[in-house]
Each structure stands twice: as C-alpha cells, then as structure tokens.
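Contents: one structure, followed by commentary.
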Amino acid sequence: MSTQVPESVEEESTTETASAGKQKRDAKKRERAERVQEQREAEAAEKARSADDTFHLKVFRYDPEVPEKQEPRFDDFHVPYKQGMTVLDALMWARDHYDSSLTFRHSCRQAICGSDALFVNGSQRLGCKTQLSDLSEPIRVEPLPHADVVKDLVVDMEHFYDQMESVEPYFQTNSLPDGELDEQRQTRENREKVKMSTRCIWCSACMSSCNIAAGDNEYLGPAAINKAYRFAMDEREGEDMKQRRLEILEQEHGVWRCQTQFSCTEVCPKDIPLTEHIQELKREAIKNNLKFW
Amino acid sequence: MYEHDVIVVGAGGAGLRAAIAAHEEGADVAIVSKLHPVRSHTGAAEGGINAALREGDSWEDHAYDTMKGSDYLADAPAAETLCKDSPKETIKLEHWGMAFSRDDDGRVSQRPFGGLSFPRTTYAGAETGHQLLHTMYEQLVKRGIKVYDEWHVTRLAVSDEEKPEDRNCHGIVAYDVQTGQVEGFRARNGVILATGGLGQVYDHTTNAVANTGDGVAMAYRAGAPMEDMEFIQFHPTTLPSTGVLITEGVRGEGGILYNENGERFMFEYGYANNLGELASRDVVSRAELTEVNEGRGIEDEYVHLDMRHLGEERIIDRLENIVHLSEDFEGVNPLEAPMPVKPGQHYAMGGIETDENGETCISGLYAAGECACASVHGGNRLGGNALPELIVFGKRAGHHAAGKDMEEAEITTGKVGDYELGEVDSPVELGEAGIGEDAVADGGTAADAGASVSGVDLVQRAVEDERETIDTLLEREDGIQQAEIRERVQKSMTRNVNVFREESALKDALRDIREARELYQDVFVADKSRTFNTDLLQTLETRNILDIAEAITLGALARNEFRGAHWRKEYQERRDEEWLKHTMLSWNDGRPELWYKPVILEGEDKTYEPKVRSY
Ligand SMILES: Cc1cc2nc3c(=O)[nH]c(=O)nc-3n(C[C@H](O)[C@H](O)[C@H](O)COP(=O)(O)OP(=O)(O)OC[C@H]3O[C@@H](n4cnc5c(N)ncnc54)[C@H](O)[C@@H]3O)c2cc1C
Ligand code: SF4
Ligand code: FES
C-alpha cells in the first residue's frame, strides 16, 4: 500500500499541473479562435466595403426549431460582386462570411444536379445558373412556392419524387437482343425525338410554377409527364408498352389536366419543351382512342 | 438501428451499380446517401465511357492504352478486368434504355479521346454522365431498392483488432440531414463505399461541393490504407472563373488549343508532336501552364480552346451541352469565339486500396468508383476510363458483398507479403487532432481490443460515440468556423500541391495543414438547429478534407520522381528501378504511416514493359 501513496500523490500533482497547463492552453486557444474569427469578419466587411460593386440580396429565412427564426422573415445581405457571379455564389458567400446557418441545397454548381432551384425575383430558377448581373436589386431569394419549407430555402421534395416515380419511370421492352454485346438499334431521328425529354434534372421548377399542380395534389405534373414521354416515344420500347404508358398518362390526373399555360416551359432550366410534350401526348392518346376525361 | 444485408454508401454511378448487382444476387440491399441519387456528381460527366465494342478494337488494346496512360503504375489485373468487362457493362446500360448517341446504322456512337489508340469512347452527347446516372437510378426504382437519401454517413463501425487485416466492418453511422437524428445501420454482409471524388480539397475544381472525400477518410481512419493519393488529375480544359469542365470530347472532335499569339502551341513548342491536343491530360495541363508561365497565356491565366471550325451542326449534334456551359458560366458563345480554359483539379487516381473484387483489407468493407483505388489509373487516368470503372467495379463489389463466389483476386490488400516501410521528411507533426483531443480509430476505443463484441453492439457503440461528437460540436458556443479552415486548406493546396510540385512548396502545404488541424480543435457550429444543419455537415466534411489534403501532400513529398500527373521540379525523370511501387498510407494511432507495395505489371498473358511515354 505504502508504495501507492507517493504514486497517487504524484499522479495528482501531475494532473494538477496538467490541468493548469490545459487551462492555459485552452485560454490560448480561445484567444486564437477569437482572433482568427475576428480577422475573418473584418476581412469580409472590408471586402464588402471596398468592392466596386455589391449586390443586395433579400433572403427568405425560417427555421421551425429555433424560436427566433420560427417567424418567417427576410434577411438582407450585401455581397461583393465579382464578374460572372451567380445567385448561388452570392448565397455561398453570405453563408461563409455572414451567417453560417443560412441553409440551401446545392452541389454541382453547373446546372446538372438540380438541387438549387429557387424562387428568385418572382420566378423559378437554378441559383447556379442565374447571373446576378441579369437581375434587378434588391434580389429576392425565396424557396420554391407550392412546397413545404423545411428550413430557409430548402423545401420538401417528397411529393415531387413520388409523382416522378408514379409513371413507371424505367425502360421496359420485350425485345432485347440475345447477345450481351448486341445493341437494340435506334435511329438517329428517334434519339433526336426523345433527346430533350431526357435532359430533366428533377429540379422541380416546373412543378412549382404550375397553377394546376398547385391546386390538384394528384396531378402528375409536367416533369413526370415528360418522363413518361421520354419512354413512350422511345421506339425501342415497342407499341404494346406505348399503349400502356398512354393509359397511365390518360388517368384522371394525367395529361388532360394541363391547361397549356406554358409556365413550366418558361421556367425549365434545361429548355425542355414541356407543354409541347404534354400536347403531343394528348394527341397520341386521341389517336389511340383512349378514354377522354 | 436499421439492418440490411448490404449497405451501399453513396448513390453515384458506382453506388447505384453496386446496389443493383447486390440485388441481383438476392441480397436485401439499401443505399445511404447524403444527396438524393440523381444529385450525385456522376451526372456531371460529359465525355463518355471507354469500351472496346467494334471490329478492329479489342480489350487488349484498351488495356495496353490504360497501362501506358497510367505511366506503369496501374496494376495489370485491375486494368485488364476493367477493359474486359467494360463492353458488356456498357451494352447493359444500353439494354436499360440509356440514350446513347447513335450512328447512322443505329448502333451506339464512339469517338476518339486522349491517349486512346482507337476511337472507343461511347457517349451520349456531352451529357454521358447525366444519362448514365438517370438510367441507373431508373433501374433502382424498377427494383424497388431502398434508398435513405439525405443521410450523411459519418463513420464506419469496424472492430478494433490490432491489425486492420483482422478487422471486420459491421455497418455505418449516419446522420439524417432532415431531422438531425444519428442512427446506426448494421450490414449483415458488407458495406460498400461509393462516395466519389475529393475535389473540394482544392479551390479550383471540376468537382461538386459534395465531393469532400468522406469515404476515403472514413475508411482510412478505420484502418484501410489509402493508395497513391499524390496522383491527382488536373483537367486541361476547365473554365477559369468556376472550374466547370469543358469535356475532352471537344478536343476529340477536333478542337484546337491556342496561346495568346494565336500559336497552336501543342505542336509549335513540341509538347506532343504526334497527338497534339489529344495527348494525355497531364501532358496538356503542363503545356498550358508552361505557356502561361512563359508569358504566352491570355491575361496571364489561361489559353484558348477553339471549336468554331467544327461547324454549328456537328457542335450541336455532339457537344451541345458545352455551348450552354460556356455561355452560362463564362459568358462566351463558343460558336462565335474561342473558350478560355485552364487546368483544374478533376479526379483522384488514388483512394481506398481495394482488389479487383472491390474488397479492402477489412473484411466486409468494400469500395468502388472514384473513392476506390483498385489501381486501374495508376499515375494518370485516361479520359473516359472512370465511368467504366463505376459500372465494372461497382458491379463486382455488389456481387461480392452479396455473397457471390468470385474468382480469387490477384491483387493483395493490406500489409501482407511484399511491402516495405517508407519514410518522409515532414517539417511538422502529422495527423491527429480531431474534434477535441483524442484521435482513436473509428471502430471503438483501444480498451476494447480483443474483447469479442457482437456486430450490433459495435454499431451501437459507434453511434454513441458519434452522438457525443456531434453534441460536442453543437454545444460549443464559440470558436472558429469551418469555412475559415476549409478555405485555408483549399488555397494552400492550389498554391502548393498543384500541377507543378516542388519540395519547399509541399512542405509549406504540410505546415498549413498542421495549422488548420490545430484550428480545427476549436471548430464550432454556429447553427444550433437539428433541422437541415448544413453548417454541421460541412464541419464534419472539413475534417475529411484535412486528412486527405495531408495524404496527397505527403505522398507527393515522398515520391522523388516524375510519373504521370505527378511532376516534381527536383526530379524530372521517371525512376522505374525505385518507384514501380504504390504509395500506401495507413492510420496508425492517429498518424499516417507510410509504406509501399510493388506494382503488378504482369497481365493475364503478357507483361506490360514500361516504355517511355511519348505522344
Ligand atoms: C465534370 C466531370 C466530368 C467528368 N467526365 C467524365 C467522362 O466523360 N468520362 C469518365 O469516364 N469520367 C468522367 N469524370 C469522372 C467520373 O465522372 C467520376 O469519377 C465518377 O462519376 C464518380 O462516380 P462515383 O459513383 O464514384 O461518385 P459520385 O457520382 O460523386 O457519387 C458519390 C455519392 O456518394 C455520396 N456521398 C458522399 N459522401 C457521403 C457521405 N458522407 N455520406 C453519404 N453519402 C455520401 C453522394 O451523395 C453521392 O451520391 C468526370 C468527372 C467530372 C467531375
Ligand atoms: S422538366 Fe425542367 S423544370 Fe421540370 S424538373 Fe425537369 S429540368 Fe426541372
Ligand atoms: S448546384 Fe447543381 S443544379 Fe445548381
């Protein structure tokens, strides 16, 4: 036992010095953290002040969890401008330099992942594809209308995904070639015909802009109909399958709900002629003598 | 806790293919992904998929080009597997309805690409990746495979035996982005990492913001070595202001590079007298930067890529997407003017060490796609060779994890057999520094070593550890924000560990990374909400960026030679006697341990003799 006494004393004293040392280190670290953080803020403020140009953004804010943020509001951000800057760049700058809780979806920065569709100055656009210089100030940035807001600019996409998945959005054919190295031939013309429809990036801008979709929760909506078009018009699927696809599209909440308002076509960032595709499917349906709601 | 046979982390091309393959084998498979599948970065791939499909071409030729392109740092069994399997995997996509571009006879089109001896790049306009990703996601929907989307995986649940080769992976821990809930996912058979690239280590990159190398860093901290991390590919044609990629297809179709004097410099200055613009990527990137450094760049920054002479019809038919990218992101209409381009970070040749079946040295842990290194690309990846990698190795990993009998792998993983320890002269202490002071392996704490714990318990414990980490981050009231730390690392990497590398700069980078690690000890999350907290997620990602930046730099410092994309000022030669070996880094008590394993140049029935690469 006796040998343990000095040992534990020693242990205590080392922990004591250790904890004193730790306190010192912690204090130093805190100091450093404060210094770095202050520097960053000062630099950001300086950049904003000295920039030849700043852009004024009014950004929608809402957080269901934080009491001060439960009441939707708009925050003002003044972002220093650089040639070529997009709405997404501005949001990222504001988040990284002013308020790290500013929340939005984004990933590719090149109009292909479809995650940053927003409501900018009153219309649906991809943040990454919209140049600040094309907009009039103050620039209002809001979440997509007609969808539940999760937080700030993030909306719930479940309904959109459900509609997309309701049209059997996958290739189906009975006539696959036998050889695993043999292709199903497709004419260049046919590929051209479906090409635009295959460009959809699931951004949901069209759905958000559509009055009919806003009023009828079951309406398939432009993106899902376009997805069905992509397969219905693909000659490789064959006639039987086309028939089946037209039946899906002909259902009560299908193509006939479209009132050709063209708002989807106007907002689609991939320039897909959505209204035209919907109209064409209506014509096909008539040709096929299907039900008429 | 959720439970499945096979859990795939990530839903890009590799993850989707792996999930479909596991499902084919009858496994109960689920995907856990921080992005919804169609948001994955595979969608951004433009140029195409290499596959030897035509008369006059063969998988052997494709393998030869791949080995040569790799500067003899690829492992032949992996490269041959890639080239042998690619044709049928590519046609499988066609059978799934993928909208490939077509020839007049209705077959899928192919075009020339850099470093290829045959025009074997199969494509869908300049949006091949988009078409591939969506086609594969459609197949997932068709099969009803479960996807947990917007779940951010933060660690692996791996047992903690002393040697990584004895460890088992039992599952993962993930964070539900929408609700902030941390949950365990137990995998009865295996976990497949398919988390994609790590471009966010740099500040000028073609990669998405989500490409933060999470899978590589998680596997590393759980004990699987990182392989050949110093080999980073810089793509010669990215738009200067954003890093958006202009596909190699432009050069494949006949696009020409000019310097400020209007000279076609690839020929004019002898960078590649035979292939010119179609030399491999490392060669063209260096040529462009040399032009800029020698004062022949435009605005001291970039060069011009001109495709106007191809004619509007051909451009719209094959490269339409490029017209939009150039207009939207650079304000240049390439039908009327040449596009400004410069090199940008593009692809990580290195990654988690795997064999040809996608397996790592940890049982039950697999990796496929860009996060993995089965070593098909070696020192330099050929354009159009990553997409086939996703489908070939994604499928193999999926089958293997689901329990299908696979041929025995020829590549060995982990520290077995023929390896040698390495040394590197670092100016600062490496590694360590997580959130708080301790840095233990992700599997558990050292105290548990040897005790037998069930898989479920192991996952549960990993979940508890992770909850604690996240609580700590959220409870801190002040400190340094991740954006500051991330930016420092990204800038330093671009400045010091870019296309041209020299010892002093590499050491500067290691010092900067060390400093960033120390700042990271004080990182805090200002957003206290549990709902969609991107501040928190970025903070977790930044930790991964740190580990990966260090690995890249360390490997670059250690490799005293010039091979593939790795150019060293002090060493202007490929040194085969000493360096036909892979750089390996293992997480050893919180520090990187450097070791090497030999390259396998023996293929099925021939050996790829290193030759001088000339284009
Ligand atoms: C612009 C561009 C163009 C390219 N063009 C070509 C080309 O023409 N031909 C070619 O062969 N190659 C090309 N490449 C390379 C190729 O596209 C990529 O290597 C490949 O797509 C990577 O696919 P992946 O499945 O490994 O990863 P990704 O598609 O990046 O997917 C990664 C997945 O992992 C998920 N994930 C990541 N971290 C986590 C986490 N912590 N938790 C949960 N999920 C996570 C993401 O959500 C995502 O779903 C290109 C690359 C770029 C960037
Ligand atoms: S059709 Fe256009 S607007 Fe609609 S989801 Fe697709 S890309 Fe977006
Ligand atoms: S960030 Fe991907 S579409 Fe805008």
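So A:Thr260 clears everything in (1) in a loop (DSSP other than H, G, I, E, B); (2) modelled with pLDDT of 95 or more except one condition, right? Which one? Result: A:Thr260 fails condition (2) only.
Here B:Ala509, B:Ala505, B:Ala526 are screened, and the one residue that is open to solvent by 10 Å² or more (accessible area, probe 1.4 Å), among the hydrophobic types (A, V, I, L, M, F, W, C) and in contact (Cβ under 8 Å) with a residue 24 or more places away in the chain is B:Ala526.
Note on region A:264-279: residues that are assigned to a helix (DSSP H, G or I), closer than 16 Å to A:Cys200 by Cβ and either away from ligand 3 (no atom under 16 Å from the Cβ) or modelled with pLDDT under 95 (or both) total 8.
When B:Glu573 is tested against the conditions (1) under 28 Å from B:Arg488 (Cβ atoms); (2) surrounded by fewer than 20 Cβ atoms within 10 Å (Cβ to Cβ); (3) acidic (Asp, Glu), the lone failure is (1). With respect to (1) more than 14 Å from chain B (Cβ to nearest Cβ); (2) over 27 Å from B:Arg102 (Cα atoms), the lone exception for A:Cys203 is condition (1). Those strands (runs of 3 or more DSSP E) of region B:294-406 in which 1 or more residues are at pLDDT 95 or above and open to solvent by 40 Å² or more (accessible area, probe 1.4 Å) occupy B:303-306, B:339-348.
Being at pLDDT 95 or above, open to solvent by less than 10 Å² (accessible area, probe 1.4 Å), within 16 Å of ligand 2 (Cβ to nearest atom) and not β-branched (Val, Ile, Thr) narrows it down to one of B:Leu156, B:Leu133, B:Leu140, B:Leu198, so name that one. Just a single option satisfies the conditions, and that option is B:Leu133. Among residues of region A:105-149 being more than 12 Å from ligand 2 (Cβ to nearest atom), within 14 Å of another protein chain (Cβ to nearest Cβ) and among the charged types (D, E, K, R), the one that is surrounded by the most Cβ atoms within 10 Å (Cβ to Cβ) is A:Arg109.
Restricting the search to region B:450-482, which residues are part of a loop (DSSP other than H, G, I, E, B), away from every other protein chain (no Cβ under 14 Å) and open to solvent by 60 Å² or more (accessible area, probe 1.4 Å)? Correct list: B:Gly450, B:Ala451, B:Ser452.
Scanning region B:183-194 for residues that are touching a His at 6+ places or on another chain (Cβ under 8 Å), closer than 27 Å to B:Arg591 by Cα and either among the charged types (D, E, K, R) or modelled with pLDDT under 95 (or both) turns up nothing. In region B:13-26, the residue that is farthest from ligand 3 (Cβ to nearest atom) out of those that are out of contact with any His (no Cβ under 6 Å at 6 or more places or on another chain) and open to solvent by 10 Å² or more (accessible area, probe 1.4 Å) is B:Gly26.
Restricting the first member to region B:577-591 and to residues that are over 16 Å from B:Lys415 (Cβ atoms), and the second to residues that are in a strand (DSSP E or B), the beta-carbon pairs closer than 7 Å and six or more apart or on different chains are B:Trp579/B:Arg563; B:Leu580/B:Pro598.
Does A:Arg191 satisfy the condition of being in a helix (DSSP H, G or I) and open to solvent by 20 Å² or more (accessible area, probe 1.4 Å)? So A:Arg191 fails the test.
Being among the small types (Gly, Ala, Ser), without any contact (Cβ under 8 Å) to a residue 40 or more places away in the chain, open to solvent by less than 50 Å² (accessible area, probe 1.4 Å) and within 8 Å of another protein chain (Cβ to nearest Cβ) is true of A:Ser100.
The values are calculated or read from the model by the stated rules, or taken from the named source; none is laboratory data. Please read all numbers here as calculations on a predicted model, not as lab measurements. Backbone-built Cβ (ideal geometry, glycine too); neighbour counts: all protein chains shown. Heads up: the accessible areas ignore ligands, DNA and RNA and are worked out on the full protein's heavy atoms, side chains in. Shrake-Rupley method; radii C 1.70, N 1.55, O 1.52, S 1.80 Å.
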